[in-house]
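The values are calculated or read from the model by the stated rules, or taken from the named source; none is laboratory data. If you're wondering where the values come from, they're calculated on a predicted model, not measured in any experiment. Quick reminder, even Gly has a Cβ in these numbers, built from the backbone with ideal geometry, and neighbours come from all protein chains shown.
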Ligand code: ADP
């Protein structure tokens, strides 16, 4: 139960008017207008002050469960339409509290709208104010439940993804052992062992990167980042892969554009896009990397003329561990995490990532970020003099 709920329940039970009450009254004055005034005169002042100070779904009902007063949040989550309670489960908790004359709480799953797909995971706290009227406060735990599920899912996916290369490494080690007398075989197994070890290394590195970008808020300690330098650093880091596949990577002319955020993360995001563009291009293919600005949004575009992505897969490529073609992905050494890392980084910077693609024609991935003016120290002298 949250601290706010404990306070509310205490007061509902007739906590004397004291320092706490004064505080609540002050908060009520700030928020009073926001509380839905249904039948205000039917409630004691204390309950009104409590409701007005709350920022969570809460309401007071009369003996027939008609809503006397509700916070705007109670309407927003579909707890009431302003007159009646919309969930039978909630009514039951209220009825129980009223009939026992004591506070009751229950963990519930409520459909957000009668026909809506979303479920709210809540704890409902009901406390009688007197013999008929009951105060109900809802703790919405949906977000933390969703995050827990995501974390569990990630751990399960990760273990599954790690199993394949780890299994391969141990099988190859056994094969090496039994082929000890055949140098040709030993060389072959050793080469494959090295490939699997590299894959394992990449996967572990991407998993660490993914958890890092998932938890981080780059805007907490944001710096002005020169995006031309980010593009150059990202392309430089993919040079070996580009040379190995004989793919030419061309960067557009300097743009002088800047964004606020974390330089290392932005470089990783662009690097992931360029690495994919190279991996999914034919030999001697061309990859273009460019920057432009439109309506205060900077766009970093990475284009290739490679294999492209089928329309059905376009929505899913940003999901963790999603690969459109497992077999090909094994060849390219892909982990299926690269694009979800890009998505997280873009979103953590207040931006987004988009994709355009046609099978056999190529793809363009675009990271969109809020533009920030170049810092004074980086502006050309003439411009500084004008400013
Ligand atoms: P991976 O490590 O497998 O490249 P990503 O998350 O970076 O993982 O990409 C997910 C999938 O999206 C890839 O396996 C591939 O099927 C597809 N994909 C990503 N970039 C491109 C591209 N430039 N061209 C074609 N397909 C791509």
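Residues that are modelled with pLDDT under 85 and touching a strand residue (DSSP E or B) at 6+ places or on another chain (Cβ under 8 Å), at least 1 per element: which strands (runs of 3 or more DSSP E) completely within the range 92-151 meet that? Hits in the range 92-151: 104-111, 119-128.
Would you confirm, using the coordinates I've provided, whether residue 241 is within 15 Å of the ligand (Cβ to nearest atom) and more than 20 Å from residue 354 (Cα to Cα)? The answer is yes for residue 241. Once the range 185-218 is narrowed to residues that are loosely packed, with under 15 Cβ neighbours inside 10 Å, modelled with pLDDT of 90 or more and more than 16 Å from the ligand (Cβ to nearest atom), the residue that is farthest from the chain's Cα centre (by Cα) is 185.
Cβ-Cβ distances below 6 Å connect the following pairs, each with a first residue in the range 146-159 that is over 19 Å from residue 120 (Cα atoms), a second residue that is in a helix (DSSP H, G or I), and a separation of six or more residues or different chains: 158/207. Filtering the range 249-265 to residues that are surrounded by fewer than 21 Cβ atoms within 10 Å (Cβ to Cβ) and either within 16 Å of the ligand (Cβ to nearest atom) or more than 23 Å from residue 344 (Cβ to Cβ) (or both) leaves 250, 251, 252, 253, 254, 255, 256.
Filtered by the rule that a residue be assigned to a loop (DSSP other than H, G, I, E, B) and within 10 Å of the ligand (Cβ to nearest atom), the range 266-304 gives 280, 281. For the range 354-381, the set of residues classified as within 16 Å of the ligand (Cβ to nearest atom), exposed (fewer than 12 other Cβ atoms within 10 Å of the Cβ) and farther than 16 Å from residue 281 by Cβ is empty. Selection of first residues in the range 228-246 that are assigned by TED's automatic domain parsing to the domain that holds residue 300 and of second residues that are surrounded by fewer than 16 Cβ atoms within 10 Å (Cβ to Cβ), restricted to Cβ pairs under 6 Å at least 6 apart or on distinct chains, gives the following pairs, ordered by first then second residue: 228/254; 245/283; 246/283; 246/284. Please work out which residue is nearest to residue 218 (Cα to Cα), limiting yourself to the range 327-344 and to residues that are more than 8 Å from the ligand (Cβ to nearest atom) and at pLDDT 65 or above. Ranking the qualifying residues of the range 327-344, first place goes to 344.
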